[in-house]
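A short reminder: the numbers here are calculations on the coordinates, not readings from a lab. Owing to the predicted nature of the structure, the values given are computational and were not obtained by experimental measurement. For neighbour counting, all protein chains shown are included, and Cβ atoms are generated from backbone atoms with ideal geometry for every residue, glycine included.
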Amino acid sequence: MSGPSFDFTVPPAAAPLVAGVREFLEREIRPIEAELAFVMEDERRHLTEEGRLIPEVVAAKDRIRVLAAKAGYYAAQMPTELGGLGLGPLDLMYLQEEVYRDGLKLMKEVLAWTEGPNLALLCLDEEQRRRYLLPMIRGEVTAAVAITEPVAGSDATAIETTATRDGDDWVLNGHKVFITNAPFANFAFVIAKTQPAAGKRGMTAFIVDRDTPGYQVGRMNTTLIEDGNTAELHFESCRVPAANVVGSVGQGLYFFLAWINNRRLGRGGMCAGLGRFCFERALAYARRRTAFGHRIGDWQAVQWMLVDSYVDIYAARALSASCLAEITSEDLSTFKPRPEVIRKIAMVKVFNDETLYRVADRAIQVHGALGLTKSLHLEKIFRVARNLRIPAGTTEMQRINIAKTLGLG
């Protein structure tokens, strides 16, 4: 959506990047989105009876991913020598913001998210990079990261999936739930206990190919966002070669935390873009809708909602920019980030998640009954905003992380 910036500007150095991705979105992705316009208007049309994305949408996502990868946007944070743009965290935020200004249809598939590469994967060895990371960066394959279990959410050390060494292999047994991209992933990064008595240091990450015997996609996990992309995974006597260990034995939890820190930091650009989507539409509606002989934007009750949203977005965006400017790409690839990095990542996630929830809620309120309809996509963003406060670390866990870096707890 083009229009006034409302002071939501980008630094001059990032302006060509933002303009470039906007031109790419309009030229390459908008036509694909138009082809599926009817389907994308309502999630019920793009889900099978089982709750899985229909083939047409999956094919469109695959097509967009490859186009974006060729343009460099899909894995923009990855080093240039691996096929990315080498963007630092702050420039990546501005790129993400511009993409998410279009809402939650197909434009967002331009960016690697849970299914794609991030800087935590730089720990992969040369053979693993060749087989898994480089095809991910090219958009040819996708992954799932499997740690959550029926008995283990925020307390990751409570997982019950095990991996037992047997010669040159490891044998995995366990059950994972709420795994994003599980129905479609070509392989999964699976966290299992290799030394149950060793606590945090007794967990190991494995790359498990989808066609490995004993690897089974289970039932769909249908949530309030109806993404058609979340399911359970089962591993039964699943034999994985030792060469597929990520990092080294005992580093699984630290790999997962590095991976999830990349996800958390992405909330800055995502929530800024979606917040602007909501705010700009609510403001435009308040300027044209009349009630009781006046534009509704002339009534103080509506003005306050819009002003509060503007201030919220401005503050969240400024906090994100400040935090991301002090975080490096190296901070996001290490298994042992500095305490101040942990604090800033948690700040970005908790503040943006809660801000977007308020902004989306007010946008619906300004629109009245129209805001509740699926055609405006405000209710979709509201549901996603509510969802964001749980995955990749709940808001409560982020506050705990911040407290620990302040010497509390």
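A few remarks follow.
- Helices (runs of 4 or more DSSP H) wholly inside the range 9-79 containing at least 1 residues that are closer than 29 Å to Ala120 by Cβ and more than 20 Å from the chain's Cα centre (by Cα): 15-24, 55-71
- Within the span defined as the range 243-266, every residue fails to be surrounded by 21 or more Cβ atoms within 10 Å (Cβ to Cβ) and over 30 Å from Gln77 (Cα atoms).
- Within this structure, Thr230 fails the test of being crowded, with 20+ Cβ neighbours inside 10 Å, hydroxyl-bearing (Ser, Thr, Tyr) and either more than 30 Å from Arg44 (Cα to Cα) or touching an Asp or Glu at 6+ places or on another chain (Cβ under 7 Å) (or both).
- Residue that is farthest from Gly250 (Cα to Cα) [pool: residues in the range 158-172 that are touching a residue at least 40 places away in the same chain (Cβ under 8 Å) and in a loop (DSSP other than H, G, I, E, B)]: Asp168
- Residues of the range 19-47 classified as closer than 17 Å to Asp62 by Cβ, surrounded by 15 or more Cβ atoms within 10 Å (Cβ to Cβ) and without any contact (Cβ under 8 Å) to a residue 24 or more places away in the chain, total: 1
- Residue within the range 113-127 that is free of Cβ contacts under 8 Å to residues at least 60 places away in the same chain, surrounded by fewer than 20 Cβ atoms within 10 Å (Cβ to Cβ) and not aliphatic (A, V, I, L, M) present: yes
- Among residues of the range 88-112 being out of contact with any Ser or Thr (no Cβ under 8 Å at 6 or more places or on another chain) and outside any helix (DSSP H, G or I), the one that is nearest to Thr9 (Cα to Cα) is Arg101.
- Counted as qualifying within the range 321-409 are the helices (runs of 4 or more DSSP H) with 3 or more residues that are under 16 Å from the mean Cα position of the chain (by Cα), namely 339-367, 378-388.
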